[in-house]
Structures are given as C-alpha cells and as structure tokens.
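The values are calculated or read from the model by the stated rules, or taken from the named source; none is laboratory data. A quick note: this is a predicted structure, and the numbers were derived from the prediction, not measured. Every residue, glycine among them, receives a Cβ derived from its backbone with ideal geometry; neighbour counts consider all protein chains shown.
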Amino acid sequence: DLQSALEAVIARLTPPTAGTLSDYVAFVENVIGQDPRLAARLDTQSRLDAEEDDSLRVVARAWEQAITAERDVAALRCLKDILRGLVLTETILPEPGGRPAIIDYARFFAELRGAAEATIYEPLPPPAGSALLAAPLLYVRGLSFRAVALLGLSEGEFPQPEREDPLLPEVDRESLRAAGLPLQSRLQGDEASLFYEAITRPRERLLLTRPCLADDGQGWDPSPYWDEVVRLTQAPVLRLRPQDPQPLDTVASLPEALLAGAHLCLYHSCGPGGPKWSPIPEGWEQVLHAAEVVRRRETAGSPGNPWDGDLAAAAPILAAHFGPDHVWSASRLEAYATCPFLFLTSSVLDLEPRLPPREGYDVRILGSMYHAILEQTYRAALSDATQDRLPDALRALLPQVADRVFDAAPETYGFRPTALWSRQREELGRILARTLEALIEATAAWQPVALEQAFGLQNQPALDVEREGRRLRLRGFVDRLDRDTDGRLQVIDYKAGSTLISAHDLETGKRVQLPLYALAVRQSLNLGEVGGGFYWHIGPAEPSRLRLEGYLGGVEGAIQTALEHAFHTVEAVRAGQFAPYPPAGGCPTNCPAAAFCWHYTPRAW
C-alpha cells in the first residue's frame, strides 16, 4: 500500500549513521543509479537490472527529458566524477594506521559539498555529427567523456614543471613576506592535480601518448607520470613512427589506410586484379599501381624500369625533340653529367626548384653580379685606356661600376636586401678588388679582345660539329677572350663557386664548357687559334687547376674529351636514359626533384 511504499522510499534515502567515504559514495551512487546507455555499451545490463530495484533511476529519468537530457546527464556524470575523486583521495591519503576513517554523514556531506563547489562545470556545445573535441585541459575540467587521448607525456612537456621566477626567487619571496610584503609563492604544486584531472576525464578508455624525439632529433625521455602509469597498470607501450604502415584494423584516416594497403601489396601477395579492400571504395587500383612502382624501384638493376628513369619507350619523342637541329648549352650537358634525372626534371619537364622564400641573394645572383661588374669594368677600361694604362684604369673603375651594379641589383635580380646588405656590398667589393689584382697579374702578358662573346646567339653562328653521322650544335657566351703578342687566344670563364675545378671534372664530363667554348671560338667564330684557357674562381682569386694547355694532349686533347662526353650525353638523352645517379658529394640543392626523388642524397656540410 501507499504507507509501505513511502516507508520503503524513506528507508532507501536514509544514509548510514557512520561509515567510510567509500561507504557513503556507494550509498549515493546506488541512489542515483546507473546510466542505462553507458551500461549497454559496457555490457553490464545484468548488474544494472539487479540494482534498479533499489535505485531511483535518476540518470534514466534524466534521459527521458529530451530538452534537458544532455545538460542534466552531463551534470550527473560530473557529480559521479566528484564521488570517484573522494574515493581516490581516501585511497591515496589514508589515515594513520592505514585504515579509512569512520565519519558521520554530516562530515561526508561537507566533504562532498566542498568538492562540488571547487569543481568547474561548463556543458559542451552539441557535437557536430561524429566530430571529436580537441581542447586544452583547463577547458574540459569537470567534464566527462567516453574516451580521452592525452598527448605529450614527455619530460617537461605535460604536466609542465613549475619554475621559480628568475628575477625574484622563492628565497627572496620568503624574506619579503617575512618583512610584511604580500607576495605569493610562484610554486603552487599544481602538476599532480592537473595530471589527476586529466586522467579522470574518461569513463571507458584512456590513451596516453608521448613523442620519443625532440625537435632537434635527440631522444626525449618520458614524463615521470608516464613511467608511473606504466608501472602501475602494466599497460602495453606501442612505439609508432609516421612512416610505418599501421595494421588495417587500426588505421584512422584515409592516408593511413592507403599506406597500409600499399605496404600489404608491396610485401605480400596482392596484385592487380586481386580482391578489393572495402574501406577504400575508390582509388584502390591506384594503390596497387603505386605499390608496383615501389617494388620495381627497389629491384636493383631491374632492366627497362620506367619508374627508375628508363624512358626508352619515349625515345622516338625525345629523339625528335632533341634532334640534330637542337641547339644545346654547356650547362645542360653538364647537368646530365651531374645526374641524368636532374636533366630530365629541369630541361625536359621544365620544372623549377621549390626553394623556401628568403631574404637576400643566392649563389646564382651572386655569380650574375660578379659577371656584370667584371664585364662592365673591363669594357669601360678598354674603351678609354691603352694597354700600359689598363691596370690603373681597371682599379679606378671597379668601385664605381660595383656601386652602380649593387644599387640596381635588388630590382635587376629580384631579391630583397637584408639589413646586412650594406656590409655585404663592402665585403663583395673587397673580394672583387682582390680578384681583379690577381687577374691582372695572371694575364699580364695578354690583352682582352672580347667580353661576353656570343655564339649561337645574337646573330652569331652556333658551334656545329659532326662525327660519325652524329651532329651536335652548341650556343653560349664566352666570358672573356684574351690575345697574346703571338696572336694566340686564351679563353677565360668566371666562376663564383669556391671549389676549384680540376682536370678530373673534365674527365668525368662534369665540366665541358671551357674546351667546347674554345672550339667555338676557333671553329664557329673563326677568331683564331686558341692557345689555352682556364676557369677563374672569383672568391679564391685564382685560376682553376684545369688549364686547357696543361691537359693531356693540350687544348686539342681537352676539346676531344669534351666532345666525347657531349655526344654521349646527347645520345643518352635521345634514348631516354635518365636513371638517377646522385653525385658523390651529394645532390645539388637547386635540383627540382629534391622534394620527391627517391635517390636524393643531401650534401654533407
């Protein structure tokens, strides 16, 4: 009857007269009742059914009110978090003797009320579909989630240790407080409480992660909290790297799925026409194709590999484009000798390197400025001075020409000068003055007769060489031509780089410009017999170790060596041979393929 029902309710709501914190928490939990939706996910329906007879089913009633359900259930979950916190406090901070203290209900209620008043609770906005919340810890204090991933549990990262104020240490603060100044300590000891709040947010699952490497590549030790969790829980620790494919049942994004699928097909039996993988409704054939490409690239010495630079299938197209009438440049021939794939990307595909934007000039702009200053200085001096007065005229003109070129350089060459530009100009001026003195001394017996002499350009004939039915045409600019008293010519090419060019560079085909230019001067321009030549290194202010007159066989021997390399390069390009071959010292930084070439080897500094 009604009287019996009322007495049963009163008995159910009457707390124990005395007990531990855990006893009172269990009493309140049993009054509130379980969350039926959470219980269904955790497969605890049988335990829930047994407890529903005694509880008031507060959470279940809250779910029945559609308008306020999310708010009220979130608040009830927050209350349950507070109750669990009381139990945890009793466990980790036991009374003397190790036994929980026996308290009355008034004491328990005071403890519960104090904990509730200290808790910050702000209901989250409704989630958009299956969106995941990413938020700092302070934003989610007092909230509860099914699962939480806590990031960054490395030493010094989370929780971040408190540090003294370097300008006002704790010792000084204590002295000032003793003198009556109201100064608070900077060390509040919040690390442990922050970590506690973080790991008590999830109701079902908790994932802890940490980086193993710092930004500089050094190893990063785990946080002490990480070590303690591992020690207490014996939870498995998985070490993951971004480049490692994940098992197909653990991937969390389409890129991970594609990588895992490609890895499966690369190292296991999975080929074109094989079974589809349902998580990837589109693009699976492309994954299979990519896996086959990687497999072919990893097969050393694989003949006819179109994914490792062998474009023999396109040989007819290449032979037509780079046919007998094609006019080559020495820089392109040398690019192929450096790496065939460099030539393919820069000269066939016309790709450009994607360098990060930066202020100031680069080495190519530096070389252009050097060339312009030396050319204009010599041109002005030759127009006004006689041979015996040429050195003095060069010395007088160099600062004026350098200032004029440097003033216009940012606009002419398209770079933004830095705050050091004025200092850099002074240093470059000193380098040019030093190299001019050395150049005057090295060419004292020679008279400049041509500057920036074109062939194959500006209505000048190109170098045209035929050999055994093969034809090579070449164009370019000769930086400088000198003539001695016997009428012999000397070819000089300026280089801004500091590495001295040697005869070995010609023997390997990496430096064929100078002898080919000497042949063009003699054969195409018909300016006379070339008796020698060298590269002039502007920075070190000295000639190259390679001198045409000192090469095996003299100037003619150097020319024949350069022609052999040039014809070999032309035939290889027409045949579609572009297999990557990184240089011994590392790949050039201006290679357009640096970002995607599978053979790219950075230079060692």
Task: Residue in the stretch 255-288 that is nearest to A579 (Cα to Cα), counting only those that are loosely packed, with under 13 Cβ neighbours inside 10 Å and modelled with pLDDT of 70 or more - done: Q286
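Would you point out the residue of the stretch 53-91, among those that are acidic (D, E) and assigned to a helix (DSSP H, G or I), that is modelled with the lowest pLDDT? Steps first, please.
So the first thing to find is which residues in the stretch 53-91 are acidic (D, E), and the list is 53-54, 64, 70, 72, 81, 90.
Those still in the list that are assigned to a helix (DSSP H, G or I) too: 64, 70, 72, 81, 90.
Details: E64: 88, E70: 81, D72: 86, D81: 82, E90: 76.
Per the criteria, the residue is E90.
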TODO: Would you check if there is a residue in the stretch 530-549 being at pLDDT 95 or above and in a helix (DSSP H, G or I)?
DONE: yes
Open item on the list: Among the residues in the stretch 318-336, are any touching a Phe, Trp or Tyr at 6+ places or on another chain (Cβ under 6 Å) and either farther than 30 Å from L420 by Cα or at pLDDT below 95 (or both)?
Closed with: yes
Open item on the list: Just checking, does the stretch 225-241 include any residue being of a type outside the set (S, T, N, Q), in a loop (DSSP other than H, G, I, E, B), surrounded by 13 or more Cβ atoms within 10 Å (Cβ to Cβ) and touching a Leu at 6+ places or on another chain (Cβ under 7 Å)?
Closed with: no
Open item on the list: Given (1) touching a residue at least 60 places away in the same chain (Cβ under 8 Å); (2) in a loop (DSSP other than H, G, I, E, B); (3) out of contact with any strand residue (DSSP E or B) (no Cβ under 7 Å at 6 or more places or on another chain), identify the lone condition not met by L527.
Closed with: (3)
Open item on the list: Among the listed residues Q424, Q447, identify the single one that is surrounded by fewer than 17 Cβ atoms within 10 Å (Cβ to Cβ), more than 18 Å from R483 (Cα to Cα) and out of contact with any His (no Cβ under 9 Å at 6 or more places or on another chain).
Closed with: Q424
TODO: Kindly indicate the residue of the stretch 324-347 that is out of contact with any Lys or Arg (no Cβ under 8 Å at 6 or more places or on another chain) and without any contact (Cβ under 8 Å) to a residue 40 or more places away in the chain and also nearest to E468 (Cα to Cα) among those meeting that condition.
DONE: R332
Open item on the list: Against the condition within 35 Å of the chain's Cα centre (by Cα), part of a helix (DSSP H, G or I) and surrounded by 21 or more Cβ atoms within 10 Å (Cβ to Cβ), how does V555 come out, does it pass?
Closed with: no
Open item on the list: So for the stretch 380-388 (the condition being modelled with pLDDT of 95 or more, assigned by TED's automatic domain parsing to the domain that holds F534 and under 29 Å from L519 (Cβ atoms)), does at least one residue qualify?
Closed with: no
Open item on the list: Looking at the structure I just gave you, is T418 under 19 Å from V478 (Cβ atoms) and assigned by TED's automatic domain parsing to the domain that holds G367?
Closed with: no
Task: Number of the condition not met by E571 [criteria: (1) under 39 Å from the mean Cα position of the chain (by Cα); (2) without any contact (Cβ under 8 Å) to a residue 40 or more places away in the chain] - done: (2)
Open item on the list: Please determine whether any residue of the stretch 501-512 is more than 46 Å from the chain's Cα centre (by Cα), among the acidic types (D, E) and on the phi < 0 side of the Ramachandran plot.
Closed with: no
Open item on the list: For the stretch 479-500, give me each residue that is surrounded by 15 or more Cβ atoms within 10 Å (Cβ to Cβ) and either closer than 26 Å to R574 by Cα or under 40 Å from the mean Cα position of the chain (by Cα) (or both).
Closed with: D479, D493, Y494, K495, A496, L500
TODO: May I ask you to verify whether E411 is modelled with pLDDT under 95 and loosely packed, with under 13 Cβ neighbours inside 10 Å?
DONE: yes
Open item on the list: Can you tell me which condition I365 does not meet? The list is (1) modelled with pLDDT under 95; (2) crowded, with 20+ Cβ neighbours inside 10 Å; (3) assigned to a helix (DSSP H, G or I), and all the others hold.
Closed with: (2)
Open item on the list: Condition first: of a type in the set (K, R) and either surrounded by 10 or more Cβ atoms within 10 Å (Cβ to Cβ) or over 30 Å from A260 (Cβ atoms) (or both). Can you find one or more residues in the stretch 153-167 that meet it?
Closed with: yes
Open item on the list: Anything in the stretch 504-513 that is surrounded by 17 or more Cβ atoms within 10 Å (Cβ to Cβ) and touching a Lys or Arg at 6+ places or on another chain (Cβ under 9 Å)? List them, or say none.
Closed with: D505
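Have a look at L342, L349 and point out the one that is under 28 Å from the mean Cα position of the chain (by Cα), at pLDDT below 95 and farther than 30 Å from P410 by Cβ.
Within the list L342, L349, the selection yields L349.
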